[in-house]
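Here it is, the structure, as structure tokens.
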Amino acid sequence: MQPTTASRKLMNATLWILQVLWGVFFAFTGFGKVLSFRADVWNQTLHQPVPWFHAVPQWLFVVIGLAEFLGGVGLILPAITRVKPKLTAYAAFGLALVMLLAAVFHIARGELNFFLPLNLVLGGVAAFIAFGRLGLPIAPAPVSTLRMVSGLAVFAALAFAGFFPVWYQLTHPR
């Protein structure tokens, strides 16, 4: 039985909403982690009241951030520009894998109250986006100047959204 046009439109709208929300979230949090490659940002990060920050080395924290940032960008950029939109599903699978590994990490640390459910929800929705976009793909379009400019604008906005809070914390100490 084929889904109706209305149900396909509803699913497409749901996937777009989730892609944008998850994309912005992961780009935002990931870019903040990537900026921790600097010693001053890393030291500021270690003063946050998040217990797992102390349990990972700086290089792993930055790699996790890079995976989250690229995954977040990958949820939005290929889909919005329609250049290689299949990458959206791959980015979602990658984020689901990162969240699965994070869940295992938090289980091993006994952090079952907050971080484990958070990772399971974030990863579950990422997996939903991945399977949804494989079943309801976005039609690819040829590369054009407008698509590239809009893609760069989205990328710059996501990078700025991730950079601004870190910059503010560094320039406005408590």
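The values are calculated or read from the model by the stated rules, or taken from the named source; none is laboratory data. Note that the structure is a prediction, hence the values are computed from the model and not measured. Methodologically, a virtual Cβ is constructed for each residue, glycine included, from the backbone with ideal geometry; neighbour enumeration extends over all protein chains shown.
Starting from region 117-144, take each residue that is under 21 Å from GLU68 (Cβ atoms) and list its partners that are β-branched (Val, Ile, Thr), counting only C-beta distances under 6 angstrom and pairs at least six apart or across chains.
Listed by first residue and then by second, the contacts come to ARG133/THR88.
Just a yes or no: is a residue in region 63-78 under 13 Å from the mean Cα position of the chain (by Cα) and more than 28 Å from PHE37 (Cβ to Cβ)?
No; the residues of region 63-78 include none that is under 13 Å from the mean Cα position of the chain (by Cα) and more than 28 Å from PHE37 (Cβ to Cβ).
Which residue pairs have Cβ atoms closer than 6 Å, lie 6 or more positions apart in sequence or on different chains, and pair a first residue in region 69-81 that is crowded, with 24+ Cβ neighbours inside 10 Å with a second residue that is outside any helix (DSSP H, G or I)?
ALA79/PRO85; ALA79/ILE138
Here is a yes/no grid of residues against (1) under 14 Å from the mean Cα position of the chain (by Cα); (2) polar (S, T, N, Q); (3) within 20 Å of PHE31 (Cα to Cα):
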residue: PHE93; (1), (2), (3): yes, no, yes
residue: VAL104; (1), (2), (3): no, no, no
residue: ARG109; (1), (2), (3): no, no, no
residue: PRO117; (1), (2), (3): no, no, no
residue: LEU136; (1), (2), (3): no, no, no
residue: VAL143; (1), (2), (3): no, no, no
residue: LEU146; (1), (2), (3): no, no, no
residue: PHE160; (1), (2), (3): no, no, yes
residue: PRO165; (1), (2), (3): no, no, yes
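Still on this structure: Please verify whether region 134-142 includes one or more residues that are within 15 Å of TYR90 (Cβ to Cβ), in a helix (DSSP H, G or I) and modelled with pLDDT of 90 or more. Spell out the reasoning first.
Initially, region 134-142 is screened for residues within 15 Å of TYR90 (Cβ to Cβ), giving 134-135, 137-138, 140.
Checking which are in a helix (DSSP H, G or I) leaves us with 134-135.
In the following step, the residues that additionally are modelled with pLDDT of 90 or more were identified as 134-135.
Yes: region 134-142 contains one or more residues that are within 15 Å of TYR90 (Cβ to Cβ), in a helix (DSSP H, G or I) and modelled with pLDDT of 90 or more.
Inspect region 99-122 for any residue being among the basic types (Lys, Arg) and more than 30 Å from PRO49 (Cβ to Cβ) and give the result as yes or no.
no
Among helices (runs of 4 or more DSSP H) lying entirely in region 1-89, which contain 2 or more residues that are in contact with a Ser or Thr (Cβ under 7 Å, 6 or more places away or on another chain)? Give the steps one after another, and end with the answer.
Details: elements: 5-34, 39-46, 58-81.
Those helices (runs of 4 or more DSSP H) span 39-46, 58-81.
Let me confirm something: among VAL121, VAL104, VAL166, which residue is surrounded by 13 or more Cβ atoms within 10 Å (Cβ to Cβ) and among the hydrophobic types (A, V, I, L, M, F, W, C)?
None of the other options fit; the residue is VAL166.
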